[in-house]
Structure formats: C-alpha cells, structure tokens
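The values are calculated or read from the model by the stated rules, or taken from the named source; none is laboratory data. These numbers were taken from a predicted model, which means no experiment stands behind them. Here the Cβ positions follow ideal geometry from the backbone for every residue, glycine too, while neighbour counts run over all protein chains shown.
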Ligand SMILES: Cc1cc2nc3c(=O)[nH]c(=O)nc-3n(C[C@H](O)[C@H](O)[C@H](O)COP(=O)(O)OP(=O)(O)OC[C@H]3O[C@@H](n4cnc5c(N)ncnc54)[C@H](O)[C@@H]3O)c2cc1C
C-alpha cells in the first residue's frame with residue numbers, strides 16, 4: 001500500500017513529492033503533463049528562477065525528486081479517485097487500480113477565454129492573464145485589457161501601474177457603470193464595449209484589435225481575464241468543501257474536510273495563482289500528509 005498518491009505534477013505536486021520523498025514516504029506522482037502555463041515562454045517572480053522556461057522548471061524538479069528512491073513519477077492521467085473506509089482507490093487512464101492511504105490533489109485549473117477569434121495565437125506571447133507574471137515585459141507599451149467580467153475594473157487599475165497607454169475592452173458586455181467609466185476616462189483609459197471582431201499581429205506579437213464596427217486600435221499586448229475552473233472534478237465528487245472562488249478549502253496543512261485527502265496549488269488557492277505559492281502549498285500539504293501518517297503509528 002502506498003503512503004500517498006499525488007495527482008498532478010505542476011509546482012504544487014512536485015514540491016509535495018520532494019518533501020514526502022525526503023520524509024521517506026512511498027509515493028507515486030501521476031501527471032499527464034498538460035499544465036496551464038505551457039503556452040508561456042518564461043515564468044517570472046520565483047526567486048532564483050526568474051525567467052525560467054516552465055519546461056526547464058519541471059526538468060530541474062524531476063532531477064531533485066529522482067534523488068529520493070521512495071518516490072516514483074508516472075506520466076499518466078488519473079481518471080477516477082474513490083474512497084472506501086480509510087483507503088483511496090485511484091484509477092489510471094490504462095485502467096490500473098492503485099491504493100493509497102493519502103491523496104494530494106494538485107491538478108490545477110483550466111482557463112476558459114472570451115470567445116475571440118485568434119486569441120490563442122497571442123496568449124502566452126503578448127497577451128497574458130497575470131500582470132505580476134508578465135507586466136514587466138510589457139511595461140510602457142500600448143496595452144489592452146480584455147475582460148467580460150466585473151473584474152475588468154480591478155485588472156485595469158492594476159495594469160495601469162505598468163502602462164498608462166491603456167484601453168479596456170469588454171467584448172460586448174456592459175460591465176461598467178457610468179462612475180467607473182468616468183474614473184477610467186479621467187486616467188485616459190478608454191473603454192470599448194463593442195464586440196471584438198479580431199486580433200491581428202504576427203508570430204504571437206499583437207499589433208491591433210479590430211472591433212465589430214471595423215474600428216481598429218493599435219496595441220502591442222495586454223491582459224485577458226479568463227474564467228477559471230478546476231482541471232478535474234475529483235475534489236467535488238469526493239465531497240470537498242470549496243471557498244467562494246471555487247477552490248478546495250484546506251487547513252494550513254492542506255487537509256480538506258475529507259480525511260486523508262489534501263489539496264495544494266491552484267486547485268485550492270485559485271488566486272493569486274503563482275508558481276511559488278503553488279510550490280509552497282505542495283510543501284505544506286506534504287507536511288500535513290507526513291504529520292498525519294506519523295501520528296497514526298501511535299494511535
Ligand atoms: C500563460 C500563463 C503564464 C503564467 N506565468 C506565470 C509566471 O510568470 N509566474 C508565476 O508565478 N505563475 C505564472 N502562471 C501561473 C502558474 O503557472 C500557476 O499558478 C502554477 O503553475 C500552478 O501550479 P499547480 O501545480 O497548482 O498547477 P499546474 O501547474 O497547472 O499543474 C497541474 C498539473 O496537473 C496535471 N493534471 C491535471 N489533471 C490530471 C489528472 N487527471 N491526472 C494526472 N495529472 C493531471 C496537469 O497536466 C498539470 O501538469 C502563469 C499561468 C499562465 C496560464
């Protein structure tokens with residue numbers, strides 16, 4: 001019987017695997033290698049790793065984990081997680097069944113972008129979702145915020161710190177009241193509420209946005225606010241409580257309300273979603289797992 005299965009091998013799952021390996025726990029980490037940040041060229045804001053390629057980050061993490069023989073990493077998808085009594089049963093995409101005493105869910109999020117032609121040609125190259133991750137690279141350029149949600153106003157205020165040459169596009173949605181529009185206008189931020197017809201540019205570098213009335217505005221990049229949903233529904237189907245943003249509720253050691261089930265990274269935090277926060281979350285969930293396994297020996 002395994003001590004723990006970690007589902008998801010992003011920064012959260014990888015750091016959980018490292019800590020559990022060092023704690024001599026028998027662990028398998030399953031990862032199907034489709035992380036949310038795969039589209040981006042560089043990841044920023046993690047001290048000692050600023051500007052690293054997401055793929056390189058994972059390679060270094062795998063080298064770190066390989067030093068600890070009780071941890072195995074399998075490049076496979078988990079399709080089901082069930083709990084019977086105190087034991088978890090996980091099913092792989094090949095139909096194999098694995099039993100474990102504890103499970104760490106670190107499957108991250110999926111993004112649903114506004115339905116705009118060619119948006120994915122630019123996403124991760126000149127259009128991003130997080131100014132803390134990519135604002136520095138776009139500083140002082142003519143930028144746009146694309147947001148169909150009420151968070152448009154928050155995003156506009158934050159992005160204004162990186163560039164004063166800013167427009168906000170709501171793509172047909174009426175998300176702003178007159179006071180908000182007035183506040184943005186006073187800062188020289190124009191709001192475009194008409195539908196976006198297309199984004200134009202080359203090799204991922206944005207050049208302009210074209211609206212349904214054929215008005216064209218030159219832009220070099222910007223930020224979009226996608227809708228975030230859980231990458232898997234395991235947490236929900238096992239009965240996990242969630243907080244208002246939809247993340248799985250945990251205590252300070254990653255414990256969910258389901259005994260033996262832990263959650264870490266974007267899957268529990270949702271915002272702010274950052275590599276360093278996900279890694280730290282994986283660390284503390286691993287400490288939670290090890291603490292509980294250690295305690296059970298004395299029960
Ligand atoms: C475009 C973009 C740019 C970003 N830039 C930055 C940046 O510069 N700096 C920064 O700090 N943050 C950045 N982020 C955010 C950062 O990538 C996330 O916060 C971080 O990766 C979250 O880590 P995680 O381990 O929780 O989830 P993820 O990194 O999403 O990893 C989840 C893993 O679980 C796997 N998985 C999912 N379901 C299953 C399953 N059923 N079975 C097996 N495996 C499964 C996935 O394949 C994936 O590998 C960026 C995000 C995006 C989208």
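Looking only at strands (runs of 3 or more DSSP E) that lie completely in the range 117-217, which have at least 1 residues being modelled with pLDDT of 95 or more and closer than 28 Å to residue 274 by Cβ? Break it down into steps so the answer makes sense when it comes.
Details: elements: 143-146, 166-169, 190-192, 196-202, 205-211.
Passing ranges, in order: 143-146, 166-169, 196-202, 205-211.
Being under 25 Å from residue 226 (Cβ atoms) and not in a helix (DSSP H, G or I) narrows it down to one of 24, 49, so name that one. Even if it seems obvious, please write down each step before you answer.
Working: 24 fails: under 25 Å from residue 226 (Cβ atoms).
Step by step, each of 24, 49 is checked, and only 49 is under 25 Å from residue 226 (Cβ atoms) and not in a helix (DSSP H, G or I).
Assess whether residue 108 counts as being more than 30 Å from residue 193 (Cα to Cα) and either within 23 Å of the chain's Cα centre (by Cα) or loosely packed, with under 15 Cβ neighbours inside 10 Å (or both). Step through it out loud before you land on a result.
On the way: more than 30 Å from residue 193 (Cα to Cα): yes; either within 23 Å of the chain's Cα centre (by Cα) or loosely packed, with under 15 Cβ neighbours inside 10 Å (or both): yes.
Criteria met by residue 108.
In the range 4-39, which residues are touching a residue at least 60 places away in the same chain (Cβ under 8 Å), more than 13 Å from the ligand (Cβ to nearest atom) and farther than 24 Å from residue 96 by Cβ?
19, 23
Looking only at residues that are farther than 20 Å from residue 211 by Cβ and surrounded by 14 or more Cβ atoms within 10 Å (Cβ to Cβ) in the range 158-174, which one is nearest to the chain's Cα centre (by Cα)?
158
Taking residue 282, is it modelled with pLDDT of 95 or more, at positive phi, within 12 Å of the ligand (Cβ to nearest atom) and touching a helix residue (DSSP H, G or I) at 6+ places or on another chain (Cβ under 9 Å)? Walk me through it before giving the result.
Details: modelled with pLDDT of 95 or more: yes; at positive phi: no; within 12 Å of the ligand (Cβ to nearest atom): yes; touching a helix residue (DSSP H, G or I) at 6+ places or on another chain (Cβ under 9 Å): yes.
Taking the combined requirement at face value, the residue does not satisfy it.
Of the residues 47, 65, which is away from the ligand (no atom under 12 Å from the Cβ) and either in contact with a helix residue (DSSP H, G or I) (Cβ under 6 Å, 6 or more places away or on another chain) or under 18 Å from residue 278 (Cβ atoms) (or both)?
65
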